[in-house]
Amino acid sequence: MAKTTKTLDELFHDTLKDVYFAENKIVATLPKMHTAAKNSELKAAFEKHLGETKVHIERLEEVFKIIGKKPEKKTCAAILGITDEGDEIMEEYQGSPALDAGLLAAAQAVEHYEMARYGTLRTWALELGMKDAAKLLQTTLDEEQATDIALTGIATSVVNQKAEG
């Protein structure tokens, strides 16, 4: 049986579904991380990113609309693995001075995954001539990068030192 040739637009759509799943999983996970965090700056960062993530979902829904598809989720094993690690940190480091540092590391793993995906989707959208979709994806990529920088600032200014005990 011959395999069908998959094209970049199909890969774009599949990856879009993957990221849509991931963003929805992040919306479900951030409140738990917010509750577990002890540092007020970290709590505020998680709260801010929750609001941003809801907007990211709306932007993804716009991209689905641009390509004439309904918003659909495709299970993303990568984000499940990253969020599982975050759950382990919350469990294993509960009450420990290193908890916030672990939560920060887990959050940055999420950000790095998202930055990789949004950068790829933006590049593919440009290649496919979808300038409006590329602009939406770039806006989200910029926000993900800003969140990563903010988390690094919290880690290096306060949280990592407190984790040393």
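The values are calculated or read from the model by the stated rules, or taken from the named source; none is laboratory data. None of these values were measured; they are calculated from a predicted model. FYI the Cβ positions are ideal-geometry reconstructions off the backbone, even for glycines, and counts take in every protein chain you see. When the accessible area is computed, the model is the full protein with side chains, heavy atoms only, and any ligands, DNA or RNA have been set aside. Shrake-Rupley method; radii C 1.70, N 1.55, O 1.52, S 1.80 Å.
Can you confirm whether the stretch 35-44 contains a residue that is basic (Lys, Arg) and in a helix (DSSP H, G or I)?
yes
Checking GLY165 against (1) open to solvent by less than 60 Å² (accessible area, probe 1.4 Å); (2) on the phi > 0 side of the Ramachandran plot, which single condition isn't satisfied?
For GLY165, the failing item is (1).
Starting from residues that are of a type in the set (A, V, I, L, M, F, W, C) and surrounded by fewer than 18 Cβ atoms within 10 Å (Cβ to Cβ), keep the ones in the stretch 1-17 and report whichever is nearest to HIS112 (Cα to Cα).
LEU11
Check off (1) within 22 Å of ALA133 (Cα to Cα); (2) without any contact (Cβ under 8 Å) to a residue 24 or more places away in the chain for LEU11 and give me the number that stays unchecked.
The failed condition is (2).
Which of the residues that make up the stretch 45-57 are exposed (fewer than 14 other Cβ atoms within 10 Å of the Cβ) and more than 17 Å from ALA107 (Cβ to Cβ)?
Of everything in the stretch 45-57, just one residue is exposed (fewer than 14 other Cβ atoms within 10 Å of the Cβ) and more than 17 Å from ALA107 (Cβ to Cβ), namely VAL55.
Go through the stretch 18-37 and report how many residues are crowded, with 18+ Cβ neighbours inside 10 Å and over 24 Å from GLU72 (Cβ atoms).
3
Restricting attention to the stretch 64-123, and to residues there that are outside any loop (DSSP other than H, G, I, E, B) and polar (S, T, N, Q), which single residue is surrounded by the fewest Cβ atoms within 10 Å (Cβ to Cβ)?
THR123
Just checking, does the stretch 129-144 include any residue being free of Cβ contacts under 8 Å to residues at least 12 places away in the same chain, among the β-branched types (Val, Ile, Thr) and in a helix (DSSP H, G or I)?
No: the stretch 129-144 contains no residue that is free of Cβ contacts under 8 Å to residues at least 12 places away in the same chain, among the β-branched types (Val, Ile, Thr) and in a helix (DSSP H, G or I).
Is it the case that LYS32 is of a type outside the set (Phe, Trp, Tyr) and in a helix (DSSP H, G or I)?
yes
Rundown of residues vs (1) out of contact with any helix residue (DSSP H, G or I) (no Cβ under 6 Å at 6 or more places or on another chain); (2) at pLDDT 95 or above; (3) over 30 Å from ASN160 (Cα atoms), yes/no style:
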residue	(1), (2), (3)
GLY51	yes, yes, no
ILE57	no, yes, yes
ILE66	no, yes, yes
PRO71	no, yes, yes
LEU80	yes, yes, no
PRO97	no, no, no
VAL110	no, yes, no
TYR118	no, yes, no
GLY129	yes, yes, yes
